[in-house]
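Here's the structure we're looking at; comments come further down.
The values are calculated or read from the model by the stated rules, or taken from the named source; none is laboratory data. Nothing here was measured: the structure is a model prediction, and the numbers come from that model. Positions of Cβ are generated from backbone atoms using ideal geometry, with glycine treated the same way; all protein chains shown enter the neighbour counts. These accessible areas exclude ligands, DNA and RNA; they are computed on the full protein's heavy atoms, side chains included. Shrake-Rupley method; radii C 1.70, N 1.55, O 1.52, S 1.80 Å.
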Amino acid sequence: MTPIHLLAICGSLRAASSNRALLEAAQELAPEGMVISLYNGLAGLPHFSPDLESAETLPDEVTQLRSSVAAADGLLIACPEYMHCLPGSFKNMLDWLVGCTDFPGKKIALFQAASRHEYVPEMLRDVLKTMAGEVVEEACLMLPARSNALDKRAISEDKLSAARIQDGLQTFADAIRTARS
Ligand SMILES: Cc1cc2nc3c(=O)[nH]c(=O)nc-3n(C[C@H](O)[C@H](O)[C@H](O)COP(=O)(O)O)c2cc1C
């Protein structure tokens, strides 16, 4: 079976981010044949400007981001809500991905660790749809977090959370394999 490679992107830069912990738990719980790499370049991306979009001026960090997206079979996104909106650094990354020719049609699963988040789930879907990304709804999950202090161990050792993550990843893998065939 051809392996599946996912690029996991966390929208939070917080060292103890619950959303990153969720993605790290997914790395541990990934089914056989699936490899999940965590994107760690968010904080280093320059501010988006259309003036930098040419081949001569495109920042190296953006070239790396676009290559990582191109190489991935799918994206796993976990993003918090800030002021009823997407966090600025994460939105900056999405702005850079508008010029990524490999983004349209890319399969995406949204994994979110959230206590309430009223606006971001729908907003993120709307933005990704505008960018022609393909959200695989059956693979998405929202992990209820009573605090924002979840860690990888607490998530992966909780049987219900672990089962939901494994189900989501398996559904995502099936959708990617179906699209390949
Ligand atoms: C600047 C800031 C603004 C926030 N605004 C909201 C908000 O509008 N709605 C909400 O549900 N949570 C809001 N939160 C709470 C975060 O979404 C929540 O703590 C989340 O778990 C943080 O994700 P992380 O643990 O991955 O860093 C805000 C947190 C911060 C730091």
Within the range 162-181, of all residues that are of a type outside the set (Asp, Glu) and open to solvent by 80 Å² or more (accessible area, probe 1.4 Å), the one farthest from Gln112 (Cα to Cα) is Ser181
Output for Cβ contacts, cut-off 8 Å, separation at least six or different chains, first residue over 16 Å from Ala114 (Cβ atoms) and modelled with pLDDT of 90 or more in the range 145-161, second more than 8 Å from the ligand (Cβ to nearest atom) and open to solvent by 70 Å² or more (accessible area, probe 1.4 Å), reads Lys152/Glu28; Ser156/Glu28
Looking at (1) of a type outside the set (Lys, Arg); (2) in a loop (DSSP other than H, G, I, E, B); (3) without any contact (Cβ under 8 Å) to a residue 60 or more places away in the chain; (4) closer than 15 Å to Ala78 by Cβ, which one does Glu118 not meet, given that it meets all the others?
(4)
Report, ordered by the first and then the second residue, all pairs with beta carbons closer than 8 Å, sequence separation of six or more or different chains, a first member in the range 37-49 that is farther than 18 Å from Ala15 by Cβ and open to solvent by 50 Å² or more (accessible area, probe 1.4 Å), and a second member that is modelled with pLDDT of 95 or more and not in a loop (DSSP other than H, G, I, E, B).
His47/Asn92; Phe48/Asn92; Phe48/Asp95; Phe48/Trp96
Quick one: count up the residues across the range 97-127 that are more than 16 Å from Ile176 (Cβ to Cβ) and open to solvent by less than 60 Å² (accessible area, probe 1.4 Å).
12
I'd like the residue in the range 1-26 that is surrounded by fewer than 20 Cβ atoms within 10 Å (Cβ to Cβ) and away from the ligand (no atom under 14 Å from the Cβ) and, out of all such residues, is nearest to the chain's Cα centre (by Cα).
His5
Conditions first: (1) under 26 Å from Ala179 (Cβ atoms); (2) open to solvent by less than 20 Å² (accessible area, probe 1.4 Å); (3) in a helix (DSSP H, G or I); (4) within 16 Å of the ligand (Cβ to nearest atom). Leu94 passes all but one, so which condition is the exception?
(4)
Any residue at all in the range 122-143 that's within 10 Å of the ligand (Cβ to nearest atom), of a type in the set (A, V, I, L, M, F, W, C), under 19 Å from Arg164 (Cα atoms) and modelled with pLDDT under 95?
no
